[in-house]
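Structure record follows, encoded as structure tokens.
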Amino acid sequence: MKVCFFTENTHKGGLDRFIITLFRAWPSKRDTLELHVNTEHPGVDQLRSEIGKSGEVNCYDPGVTWLSSKNRKSKYVWLDTILIVFYRCSYYPLLLPYHLIKQTLFFICNKFDACVVVNGGHPGSLRCRVTPFAWILSGGKKNKVIYNVHNFPVSFAFPVSILENIFDYFLEKSCKNIVTVSNAALEAFSVRPIISSSGKFTFIHNGIPVEEYSKNSDIEEKRVDQVCLMLGTFEMRKGHAFLLDAFSKVTKVCPTSKLLICGYGYLDEVARVKKMVQEKDMEANVVIRGFVEDPKPLLASASVLVIPSQEYESFGLTALEAMASGCPIVATDVGGLPEVISNTGAGFICSKNDVLDFANRIIELLENPELSKNMGKLGQEHVSKNFTDVLMAKSYRALLE
């Protein structure tokens, strides 16, 4: 079976790791896997490098990229405003048919037996959303296309909600399955009633190659004293402001503690976080780095992984990576994080509004190495039983059979 994986992405991060892991763990070696990703995606080189012989990576030109939110910024505010208005007005009457025609021609010219669309959110990428329609229009079999969503949905007010419901109706009719990554994300789709009420709608937990993380971890010898690690993009939803407020309290009790923040971000996003660090006079305790392609060494040496997300955290892949590495976790109660961490003994869940509790939990782990070690071991046991790459890949492959 020749399977097309189609995605459009603007940030390096968890979505790339999901695709890489899925390709590497794909259970049928007789299948041919092809990933089609937008040319300007900053993670293309990593995808090519790490997917390797597990599949083929091809880039496409998404077209009209000058209209996207990250590419339409200019030094003229009035021009940005005009482009935003034009984008919103042309979304359904112009951009939708443009991408639909382009995708349909793509499938006519490239024969596949099945298609998996990987969308960062919903609605997310317009081109990802029209891909199931294009698959059907090009003659693809209805029971061979999966629409996979990796974040929470967004709802719209009237009258846009009417158009979105119509869009969701045809999307649901075009797919064999609509898959999200957690029960929390599934329940969040209640704001999109056409999809949430569908019998085709389900979730498959993300998985990771546990052995690749566990072999790098030595809980008793490699932990660096009082180093907290955050892995994530520099988007506001990831909670950098919340984390810095909490860590300023941590440093009063543990003055030698360090916070290492790593992730992909646009220049303005990174500058915003650096400015917050300066304003709080925390340069001596906070280190900001760019995107780390291989987080395993950092997770193997960190004392605590912190996940301060404030919204739209459908799963929390870094939580699995920390568990597999034997690193304890302090996270907020956002989205799918409690689903992954609660009742495992691998970490603490705090209210996303309780800075003090978040800080106190970090302090508790930094000051109690034995507690951290025990939590790390429980995390390794839990992820090995429930969140492996093999389980995840088998579940996706089974939907295509």
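Rule-based calculations on the coordinates, nothing more; no lab input. Since the model is a prediction, treat every value here as computed from it, not as a measurement. When we count neighbours, we look across all protein chains shown, and the Cβ atoms used for this are built from the backbone with ideal geometry, even at glycine.
Brief remarks follow.
- GNM result for the chain, Cα springs below 10 Å: residue of 343, 110, 148 fluctuating most strongly: 110
- Qualifying trypsin sites (Lys or Arg not before Pro) for the range 105-137 [loop in DSSP, other Cβ within 10 Å: at most 14]: 111
- By the count of neighbouring beta-carbon atoms within 10 Å, fewest first, 361, 48 end up ordered 48, 361.
- The range 326-366 and the range 260-319 have their alpha-carbon centroids 16 Å apart.
- When each of 2/176; 141/200; 53/296 is checked by Cα-Cα distance, pairs over 19 Å: 53/296
- Of all the options 101, 82, 307, the one that moves most in a Gaussian network model of the chain with Cα springs shorter than 10 angstrom is 82.
- For the range 82-197, averaging the sequence separation of C-alpha pairs within contact (under 8 Å, six or more residues apart) and dividing by the residue count gives a relative contact order of 24 percent.
- Counting every C-alpha pair in the range 238-330, the share spaced more than 22 angstrom apart comes to 28%.
- In the chain, a dipole from Cβ-located charges (positive for Lys and Arg, negative for Asp and Glu) runs towards its positive end, and of 33, 206, 189 it is 33 whose Cα lies farthest in that direction.
- For the range 210-386: rounded, prolate or oblate by the Cα gyration tensor [a/c cutoff 1.5]: rounded
- Percent RCO, i.e. relative contact order, over the chain, from Cα pairs under 8 Å lying at least 6 residues apart: 16 percent
- Charged-residue dipole, Cβ positions (Lys, Arg, Asp, Glu), the chain about Cα centre, Debye nearest 20: 1160 debye
- Translational D in µm²/s for the chain (Stokes-Einstein at 25 °C, 0.890 mPa s, Kirkwood Rh from C-alpha pairs): 111 µm²/s
- From least to most packed, judged by other beta carbons within 10 angstrom and beginning with the fewest, 256, 104, 202 follow the order 256, 202, 104.
- Ranking of 327, 128, 254 by count of other Cβ atoms within 10 Å, fewest first: 254, 128, 327
- Inter-site label distance for residue 59 and residue 86 at 7 Å from Cα along Cβ, in nm: 2.5 nm
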